[in-house]
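Novice: Take this structure first; my questions come after.
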């Protein structure tokens, strides 16, 4: 048996070519859509990358500040609980140097040196009692800014220290 081949006409070839062109155009359109989607994703990724970079920078800065604050707190704790180490209180009108002078089981005593005139006051805290000060204001009113400064500082560092302490607020 002899096989005969059917010849393709010029019209059929043209139809096949048109079909192929149509499929190619569809494929190119899909490819363009994908490229646009990827370009949009790349822009979003770049935008988020910048935001993430900014956030990382802010977190690093906050970590540095936190480490500095922790070091400061550790130094102040040492000053408040340790040997006679002094530190300064500065108000709008005055500067005071405070030293822990006596640290015993029953009594804590701080000396407070007023910078402008050299006055020296004593702040005492007998065990289980409130703070008092030797300044004229405390003797007259029963509270003063010196006690308040110490309690405010101690309350910042030791939250439970100020319980039951009348600091003249």
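Novice: Can you tell me how many residues within segment 112-137 are at positive phi and touching a residue at least 24 places away in the same chain (Cβ under 8 Å)? Explain how you work it out, then say what you get.
Specialist: Kept after step one, since they are at positive phi, are these residues of segment 112-137: 118, 128.
If we keep only those that are touching a residue at least 24 places away in the same chain (Cβ under 8 Å) as well, we get none.
The qualifying residues number 0.
Novice: Can you give me the number of residues within segment 95-110 that are closer than 18 Å to residue 129 by Cα and surrounded by 17 or more Cβ atoms within 10 Å (Cβ to Cβ)?
Specialist: So the count comes out to 3.
Novice: Given the conditions (1) under 30 Å from residue 153 (Cα atoms); (2) exposed (fewer than 10 other Cβ atoms within 10 Å of the Cβ); (3) at pLDDT 80 or above, and given that residue 58 satisfies all but one, which numbered condition is not satisfied?
Specialist: Going through the list (1) under 30 Å from residue 153 (Cα atoms); (2) exposed (fewer than 10 other Cβ atoms within 10 Å of the Cβ); (3) at pLDDT 80 or above, residue 58 breaks only (2).
Novice: Please tell me if residue 83 is at pLDDT 75 or above and either surrounded by fewer than 14 Cβ atoms within 10 Å (Cβ to Cβ) or farther than 15 Å from residue 150 by Cα (or both).
Specialist: Here the answer is no, as residue 83 does not meet what is asked.
Novice: Answer yes or no: is there a residue in segment 124-134 that is over 37 Å from the mean Cα position of the chain (by Cα) and closer than 18 Å to residue 148 by Cα.
Specialist: yes
Novice: Next question, about the same structure. Taking the condition out of contact with any strand residue (DSSP E or B) (no Cβ under 8 Å at 6 or more places or on another chain) and either crowded, with 19+ Cβ neighbours inside 10 Å or modelled with pLDDT under 85 (or both), does residue 127 pass?
Specialist: In short, no.
Novice: Out of 76, 2, 8, report the one residue that is at pLDDT below 80 and in contact with a strand residue (DSSP E or B) (Cβ under 9 Å, 6 or more places away or on another chain). First the steps, then the outcome.
Specialist: On the way: 2 fails: in contact with a strand residue (DSSP E or B) (Cβ under 9 Å, 6 or more places away or on another chain); 8 fails: in contact with a strand residue (DSSP E or B) (Cβ under 9 Å, 6 or more places away or on another chain).
That would be 76, the only listed residue that is at pLDDT below 80 and in contact with a strand residue (DSSP E or B) (Cβ under 9 Å, 6 or more places away or on another chain).
Novice: Show the residue pairs that are 6+ apart or on different chains and have beta-carbon atoms under 6 Å apart, the first residue being within segment 97-111 and farther than 16 Å from residue 146 by Cβ, the second being part of a strand (DSSP E or B).
Specialist: Listed by first residue and then by second, the contacts come to 102/109; 107/126.
The values are calculated or read from the model by the stated rules, or taken from the named source; none is laboratory data. Just so it is clear, the structure is predicted and the values come from calculations on it, not from any experiment. Counting neighbours? That spans all protein chains shown, and the Cβs are built from the backbone with ideal geometry, glycine included.
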